[in-house]
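The values are calculated or read from the model by the stated rules, or taken from the named source; none is laboratory data. Keep in mind it's a predicted model, so treat the numbers as computed, not measured. Note that we place each Cβ from the backbone using ideal geometry, even for glycine, and neighbour counts take in every protein chain shown.
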Amino acid sequence: MKVAGGRLFSIPWRWICLFTALCTVWPGGSASAQNASGVYSARALGVGGAVRAFPTDGTAVDVNPAGMAGFSTYLVEADYRYFAPQAAHAGTLSFVDALTSRVASGFRLEMVRANNLPGPPPVGWSVVGDTSRDTSQYRARSYRLGFGLPVHERVLLGTTLAWYREKTASAPVLEDTAFSSAFSFSVGTLVLVSPAVRLALVGTNMVPTHMPAYPTTVGLGVSGVAADLVVGTIDLVADLTSARDLGDATGSFLETALLDVHAGLQAMLGRHFPLRVGFYTENQTGARYLTAGLGVESLRTRLGYTIQVRVKGATEDPAFDGPITHLLYVGSAFGKTL
């Protein structure tokens, strides 16, 4: 755990330059607007996305930037997700630098495209019967730049700046449709209660984006480690904006908040073969998911696969919301180990 040493104010400005350059040249893409799990990496989703108190990859930039302050490594990781019925492809590329200075920094790029989302009925029409084949296409891209700082040997803090762009339209007019953009930021804390127990408090997208794919949430996480081989995690996440963005809900944020639960377990076999299982709810779509993953990992390399199975909710229409999502990941760590 990196908690001391380095130069406190030597912020690696190369990440800011990279962030600016990619914002101007990278092509479009993003996950289904109706699947908030796109924020998680394949590695993290193996434990149901319950990684706020125990982030170990580039997902930390999203779900708890404070976690980057404990990495003590350079990290490069890529994820790919495939949603078959929605004809959706999602890719994520993450970089973390936790060696150059005491201030850890990370950049995370996400791209998603979906071509078979449920579309609204035409304006002014009175539709009778099955409307499931009204489809829309979705394109989005997101850029996140995060920083983590150890303020005490047991307390880590972090913040992330984010820029989101997305658009939805039917195929004939998609190319002529302008992207909607939103800026936001996230804050996170990580407390090392003991070598085996960690607590986290995270606020994500504290400036509402008014985009259902990027809700404002407040999450509380706890993790426990046994013999460095088994990790159990659970997160409680209050979604403050999805009910408004998706359903025009009225009332205060607290009255319309949705509470999601994420829980997971990871066991290492022979210290190189992680097995993961998880469960999480996604109340913005009424869905429930089971996840399972396996991998081959060394001090420098990570390869793996995760499967996500919907057991309840969402559109309940197999034409748009198939039960299985496939996720792959590949990553490398340089310098010191995690």
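Give me the residue from the stretch 157-203 that is within 23 Å of G224 (Cβ to Cβ) and polar (S, T, N, Q) and, out of that set, surrounded by the most Cβ atoms within 10 Å (Cβ to Cβ).
T189
For the structure I just gave you, tell me whether T306 is under 26 Å from L75 (Cβ atoms) and touching a Leu at 6+ places or on another chain (Cβ under 7 Å).
Yes.
Can you say whether L269 is hydrophobic (A, V, I, L, M, F, W, C), in contact with a Gly (Cβ under 6 Å, 6 or more places away or on another chain), closer than 30 Å to G304 by Cβ and surrounded by fewer than 20 Cβ atoms within 10 Å (Cβ to Cβ), as far as the supplied structure shows?
no
Would you pick out the residues in the stretch 58-84 that are surrounded by fewer than 24 Cβ atoms within 10 Å (Cβ to Cβ), within 23 Å of V187 (Cβ to Cβ) and touching a helix residue (DSSP H, G or I) at 6+ places or on another chain (Cβ under 8 Å)?
E77, the sole residue that qualifies.
With the structure loaded, tell me whether V330 is within 24 Å of V237 (Cβ to Cβ) and either at pLDDT 80 or above or not aromatic (F, W, Y) (or both) or whether it fails that test.
no
Given the criteria free of Cβ contacts under 8 Å to residues at least 40 places away in the same chain, touching a Lys or Arg at 6+ places or on another chain (Cβ under 8 Å) and over 23 Å from L156 (Cα atoms), does R288 qualify?
Criteria met by R288.
Return the only residue of A98, A42 being more than 12 Å from the chain's Cα centre (by Cα) and either at pLDDT 80 or above or buried (at least 16 other Cβ atoms within 10 Å of the Cβ) (or both). Walk me through it before giving the result.
On the way: A42 fails: more than 12 Å from the chain's Cα centre (by Cα).
Checking each option against the conditions leaves just A98.
How about the stretch 218-257: which of its residues are part of a strand (DSSP E or B), in contact (Cβ under 8 Å) with a residue 24 or more places away in the chain and among the β-branched types (V, I, T)?
V222, V225, V230, V231, T233, I234, V237
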